[in-house]
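Structure, as structure tokens:
The values are calculated or read from the model by the stated rules, or taken from the named source; none is laboratory data. The model shown is predicted, which means the values in this text are computed figures rather than measured ones. We place every Cβ from the backbone using ideal geometry, glycine too, and count neighbours over all the protein chains shown. For accessibility, only protein heavy atoms count, side chains too; no ligands or nucleic acids. Shrake-Rupley method; radii C 1.70, N 1.55, O 1.52, S 1.80 Å.
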Amino acid sequence: MKSGLLKATDLCKSYASNGVQNHVLNMVNTEIYEGDFTVIMGSSGAGKSTLLYALSGMDLPTSGKVIYKGREINQLKEKEMAALRSQEFGFVFQQTHLVSNLTLMENVTVTGYQGKKRSSAEVRQRARELLTQMHVEQAADRLPCQVSGGEAQRAAIARALINEPGIIFADEPTGALNKRNTEEVLNLLTEIHQKGQSILMVTHDIRAAVRANRLLYLEDGKIIGEMPLPPYQKEEEKNRERQVDAWLTSNEW
């Protein structure tokens, strides 16, 4: 039986616009399991990123609960939430959000120092190992503006992994990349998942979605569909794409 890692109960998120309540998330109930690569899909405006931000504590829900490893995170104080995000959560976004005046190595190590799990020497060693694993060790001393978009995103993945997070939240991590860089980033995410890393990703790209072992479909702020997938194998990719495309079509994607 899979072990539950992150749970949403009756999760709602609303915004007021011109006196009208806009319900972006509407009573979402779901559980994310340890070791899974879960992907959230849905049409534009369905609430995918809003759900990701609510589950990660980056945004507070209007009502409902988010429970991570038994802790109701939306009840934590700001300092406690900041500590949880830095020590237990890793983040990868469409834009890398690397600090422009820091090298790739420095971007990774700064996050490691904030985690307070290792000595400075240990943080630097792990950063070097991660940058090597992400195939950007040759660019470690360059600034973000001096590397390609793919290299910057791979450095951002290293940054997300530096504190050995319980889960990585990824919001359209390949959305700004070309085909070659998309493939490289997806290969790396697949590799770290196969080593046991839990990942929750939002994407609109079927090529990215087929790397998951579980798909959730969001429509009008509600999860209306779920699809399990066997472990990813490259030789089965085209068949998986057809299966996912058919499932999306059945959900009127």
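The set of residues in region 75-112 being assigned to a helix (DSSP H, G or I) and in contact with a helix residue (DSSP H, G or I) (Cβ under 8 Å, 6 or more places away or on another chain) consists of 81, 84, 86, 87, 104, 105, 107, 108, 109, 111, 112.
Number of residues in region 44-92 that are in contact with a Phe, Trp or Tyr (Cβ under 6 Å, 6 or more places away or on another chain), farther than 18 Å from residue 22 by Cα and open to solvent by 30 Å² or more (accessible area, probe 1.4 Å) equals 1. Out of (1) touching a strand residue (DSSP E or B) at 6+ places or on another chain (Cβ under 7 Å); (2) of a type in the set (S, T, N, Q); (3) farther than 15 Å from residue 58 by Cβ, what's the single condition that is false for residue 74? Condition not satisfied by residue 74: (3).
Consider residue 209 carefully, then state whether it is touching a strand residue (DSSP E or B) at 6+ places or on another chain (Cβ under 6 Å) and under 20 Å from residue 91 (Cα atoms).
Details: touching a strand residue (DSSP E or B) at 6+ places or on another chain (Cβ under 6 Å): yes; under 20 Å from residue 91 (Cα atoms): yes.
Spelling it out, residue 209 is indeed touching a strand residue (DSSP E or B) at 6+ places or on another chain (Cβ under 6 Å) and under 20 Å from residue 91 (Cα atoms).
For region 164-187, which positions are in contact with a Lys or Arg (Cβ under 6 Å, 6 or more places away or on another chain) and either of a type in the set (Gly, Ala, Ser) or not in a helix (DSSP H, G or I) (or both)? I'd like the intermediate steps shown before the answer.
Filtering region 164-187 for residues in contact with a Lys or Arg (Cβ under 6 Å, 6 or more places away or on another chain) gives 186.
Selection gives nothing.
Taking only pairs six or more apart or across chains, which ones have beta-carbon atoms under 6 Å, a first residue in region 222-235 that is within 27 Å of residue 46 (Cβ to Cβ), and a second residue that is assigned to a strand (DSSP E or B) and basic (Lys, Arg)? Taking only residues 6 or more apart or on different chains, the pairs are 228/214.
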